[in-house]
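Below is one structure, written out as structure tokens; comments come after it.
The values are calculated or read from the model by the stated rules, or taken from the named source; none is laboratory data. All of these numbers come straight from a predicted model, not from anything done at the bench. Don't worry about glycine lacking a Cβ; one is built from the backbone with ideal geometry, like all the others, and counts go over all protein chains shown. Note: accessible area is taken over every heavy atom of the protein model, side chains too, but ligands, DNA and RNA are not part of it. Shrake-Rupley method; radii C 1.70, N 1.55, O 1.52, S 1.80 Å.
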Amino acid sequence: MSETLISLASRGRSQGASGRIALRELGRFRRYLSPLLLVAVWQAACASGFVSTRLVASPWQIAQTAASLIADGTLTSNLGVSLLRAGAGFGIAAVVGVTLALFSGLSRVGEDLVDAPLQIMRTLPALALVPLFILWFGIGETPKVLLVALGATFPIYLNLHKGVRSIDPKLLEMTRTLGLSRLDTIRNVILPGALPDLLIGIRYAVGVSWLMLVVAEQVNAESGIGHMMMDAEDFLRTDIIMVGLLVYGVLGLLSDQIVRFLEAKLLVWRPLARGAAR
């Protein structure tokens, strides 16, 4: 009798555990239900004629257009150009943003020299800078890459500067007591302590990179996703425009997921990061 009760209890626990696992797996896909429902409503509205497909292409039209653009190589070639521009601009922004944040965050003189000009530049609208960038750098790739770099620099600078300034003064006092050099203090205390803020800044900067790329590629561009969308506007091809917007959205989502993955790996010592990594 006791063995039967024990087996029933163990079976119940295993079923309960498997049920919790199934619910957890279902919860991972729950966030995608609302977008799928939105797409279904969108397709139904276009199919019924409630929404004109001349103004807003249906999801089925967008899928067919994307397939044809991939087949003839138009989408892949323009996507490659856009990725190169965004990657180059973000790389420049990372180097400049980290350098300026450390210079401003580690010394009062650096903050006096750097912070105020950057705060002024941060408020300038990107579209207002386009004519100047064309005048200064021509109509080639340079102004496009620099526009991306300019927009992505500020989130990295602001978040890393805040992280450096937020280091516990007791830790800095301990480093002086231990006789650590300035370089060792930066490498072993300040940078690890400011790393969470830096990664947040990088996440924002990645999103800003794609936004600035949209602006850059619609001005005197001969290739790229933005150029493809501008050509489609001349021929009233809303399906191609929607494909371009979809590409920008997917690129933004994928890049954000990559940064979140790096955040979970680099900050594995934090309880929240350990939970996200599971």
Subset of segment 91-109 that is among the hydrophobic types (A, V, I, L, M, F, W, C) and within 27 Å of residue 81 (Cβ to Cβ) - its residue that is least open to solvent (accessible area, probe 1.4 Å): 93
Qualifying residue in segment 124-145 (condition: touching a residue at least 24 places away in the same chain (Cβ under 8 Å), of a type in the set (Gly, Ala, Ser), within 26 Å of residue 227 (Cα to Cα) and part of a helix (DSSP H, G or I)): yes
Residue match in segment 251-260 (condition: under 25 Å from residue 54 (Cα atoms) and open to solvent by less than 20 Å² (accessible area, probe 1.4 Å)): no
Members of segment 48-73 found to be touching a residue at least 12 places away in the same chain (Cβ under 8 Å) and more than 21 Å from residue 233 (Cβ to Cβ), listed by number: 60
Subset of segment 222-240 [open to solvent by 20 Å² or more (accessible area, probe 1.4 Å) and outside any helix (DSSP H, G or I)]: 222, 223, 235, 236, 237
Single unsatisfied condition, residue 204 versus (1) surrounded by 19 or more Cβ atoms within 10 Å (Cβ to Cβ); (2) without any contact (Cβ under 8 Å) to a residue 60 or more places away in the chain; (3) closer than 17 Å to residue 90 by Cα: (1)
Residue match in segment 241-254 (condition: outside any helix (DSSP H, G or I) and over 18 Å from the mean Cα position of the chain (by Cα)): no
Matching residues in segment 160-193 - criterion: being without any contact (Cβ under 8 Å) to a residue 60 or more places away in the chain and open to solvent by 80 Å² or more (accessible area, probe 1.4 Å): 162, 169, 170, 173, 174, 176, 177, 178, 182, 183, 187, 188
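Would you say residue 216 is in contact (Cβ under 8 Å) with a residue 40 or more places away in the chain and surrounded by 21 or more Cβ atoms within 10 Å (Cβ to Cβ)? Walk me through how you get there before you give the answer.
Values: in contact (Cβ under 8 Å) with a residue 40 or more places away in the chain: yes; surrounded by 21 or more Cβ atoms within 10 Å (Cβ to Cβ): yes.
Answer is yes for this residue.
The rows are residues; the columns are (1) open to solvent by less than 60 Å² (accessible area, probe 1.4 Å); (2) acidic (Asp, Glu).
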{"residue": "111", "(1), (2)": "yes, yes"}
{"residue": "129", "(1), (2)": "yes, no"}
{"residue": "139", "(1), (2)": "no, no"}
{"residue": "148", "(1), (2)": "yes, no"}
{"residue": "155", "(1), (2)": "yes, no"}
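Which residue out of 240, 225 is at pLDDT 85 or above and in contact with a Phe, Trp or Tyr (Cβ under 7 Å, 6 or more places away or on another chain)?
Details: 240 fails: in contact with a Phe, Trp or Tyr (Cβ under 7 Å, 6 or more places away or on another chain).
It is 225.
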